[in-house]
Amino acid sequence: MIMMKMKMNTEMSQSEDGEINMAAWILGVKNLSIQPYPLPSLGPHDVKIRIKAVGICGSDVHYYKTMRCANFIANKPMVLGHECAGIIQELGTQVQSLSVGDRVALEPGISCQSCSFCKGGRYNLCRGMKFFGSASTHGSLANMVVHPANLCFKLPDNVSLEEGAMIEPLSVGVHACRRANIGPDTNVLIIGAGPIGLVVSLAARAFGSPRIVMVDVDNTRLSIAKDLGADETILVSTSIQDMENEVVQIQNAMGCKIDVSFDCVGYNKTMSTALNATTSGGKVCLIGLAQTEMTLPLTPAAAREVDVIGIFRYKNTWPLCIELLRTGKIDIKALISHRFGFSQKELEEAFETSAQGGTAIKIMFNL
């Protein structure tokens, strides 16, 4: 087990009114602690936000279990969390787009704004990205954070702070649907009915997809997917030997060609299933990254001109997500399955609940 010690300067964490800023730190494998978190100085283009709602993401759970998420390794204590919303407390001297008291959703990644990817509009691929709660960048599961004002988006009156925090995972679904050009003539297969699979389903429907089939190994999650609007759900196994029969079952359930498949899991079997089930000339979008390497039937898929598209986070999605929530085209509230306060006991219970999966879809902290 990785164990770490942390020393904090509590005076740096103290606001002008004497309040100590506290945050949820990961100190080692399954070792969480609410401790003081010193904020950086408020820059001229920054705002200070009192965080009110934070969701637990699968990446947070990976850090909790292993101190790493894919190739991102936490080798020192780190504040977790990146799905968040809060209320503006203080403005930098040059901030004019926001006011104290505004309710905002935070986009958690700060790109360098100077590399070729940033200048080309694909800032999500920036190699210098500083992303809340990832590797060496502290996150937002804290009483207060400092963040660039241009990454804080004002929420309409009819969109709650919890919904504001849910914009981050919803953004993954919106970005994926944009990448795959989902529209009214696009029939969609989604493999994996976890939180990301569910937001992809909601986004695909909002983009006009007429038919959505969802696949998972868990009946409980498939039931939730059905309640949220999936046209058909199919229970599958984890065995690669069952794949051929399952592909036929999936295609029959769709009842027409599968134009786009989203793999929200990322295993050999799930990607192979997607490649085999998708129609010639269709697309397979890989969102889940469970395995770092796969052995896949790419040659027959390439011979059918099935395109494979990678998805990494999102870009320029907050305004659209806010509009989808404001107009009711997407109702994200049903994904919140558990709520916790911000005490040491609740912190530990929340992460254990999320790590166990099952009925835990989206766990939300209310600070």
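The values are calculated or read from the model by the stated rules, or taken from the named source; none is laboratory data. Computed from a prediction, not measured in an experiment: that's the story for all the values here. All Cβ positions, glycine included, derive from the backbone under ideal geometry; neighbour counts span all protein chains shown.
Of the residues 116, 201, the single one that is under 30 Å from residue 255 (Cα atoms) and among the polar types (S, T, N, Q) is 201. Applying the condition of being in a strand (DSSP E or B) and acidic (Asp, Glu) to segment 82-106 and asking which residue is nearest to the chain's Cα centre (by Cα) yields 83.
When segment 159-186 is limited to residues that are buried (at least 24 other Cβ atoms within 10 Å of the Cβ) and charged (D, E, K, R), the one that is nearest to residue 339 (Cα to Cα) turns out to be 163.
Given the options 126, 115, name the one that is crowded, with 20+ Cβ neighbours inside 10 Å, out of contact with any strand residue (DSSP E or B) (no Cβ under 7 Å at 6 or more places or on another chain), of a type outside the set (A, V, I, L, M) and modelled with pLDDT of 95 or more. Of the residues listed, the single one that is crowded, with 20+ Cβ neighbours inside 10 Å, out of contact with any strand residue (DSSP E or B) (no Cβ under 7 Å at 6 or more places or on another chain), of a type outside the set (A, V, I, L, M) and modelled with pLDDT of 95 or more is 126. Exactly one condition in (1) of a type in the set (Val, Ile, Thr); (2) surrounded by 14 or more Cβ atoms within 10 Å (Cβ to Cβ); (3) modelled with pLDDT of 95 or more is not met by residue 2; state its number. Failing condition for residue 2: (3).
Being touching a residue at least 60 places away in the same chain (Cβ under 8 Å), of a type in the set (Asp, Glu) and out of contact with any Gly (no Cβ under 9 Å at 6 or more places or on another chain) holds for only one residue in 107, 90, and it is 107.
Tell me which residues, restricted to segment 40-62, are at pLDDT below 95 and either farther than 20 Å from residue 161 by Cβ or touching a Leu at 6+ places or on another chain (Cβ under 7 Å) (or both).
Result: 40, 41, 58, 59, 60, 61, 62.
Elements of the type strands (runs of 3 or more DSSP E) sitting completely within segment 15-62 and holding at least 1 residues that are of a type in the set (Val, Ile, Thr) and over 30 Å from residue 197 (Cα atoms): these cover 31-36, 46-55. Candidates in segment 133-166 are the residues that are in contact with a Phe, Trp or Tyr (Cβ under 6 Å, 6 or more places away or on another chain) and not hydroxyl-bearing (Ser, Thr, Tyr); of these, the one that is farthest from residue 197 (Cα to Cα) is 142. Among the residues making up segment 203-238, those that are small (Gly, Ala, Ser) and touching a Lys or Arg at 6+ places or on another chain (Cβ under 7 Å) are 206, 229. Take the residues in segment 63-81 that are touching a Phe, Trp or Tyr at 6+ places or on another chain (Cβ under 8 Å) and assigned to a loop (DSSP other than H, G, I, E, B); name whichever of them is modelled with the lowest pLDDT. Filtering segment 63-81 for residues that are touching a Phe, Trp or Tyr at 6+ places or on another chain (Cβ under 8 Å) and assigned to a loop (DSSP other than H, G, I, E, B), the one modelled with the lowest pLDDT comes out as 74.
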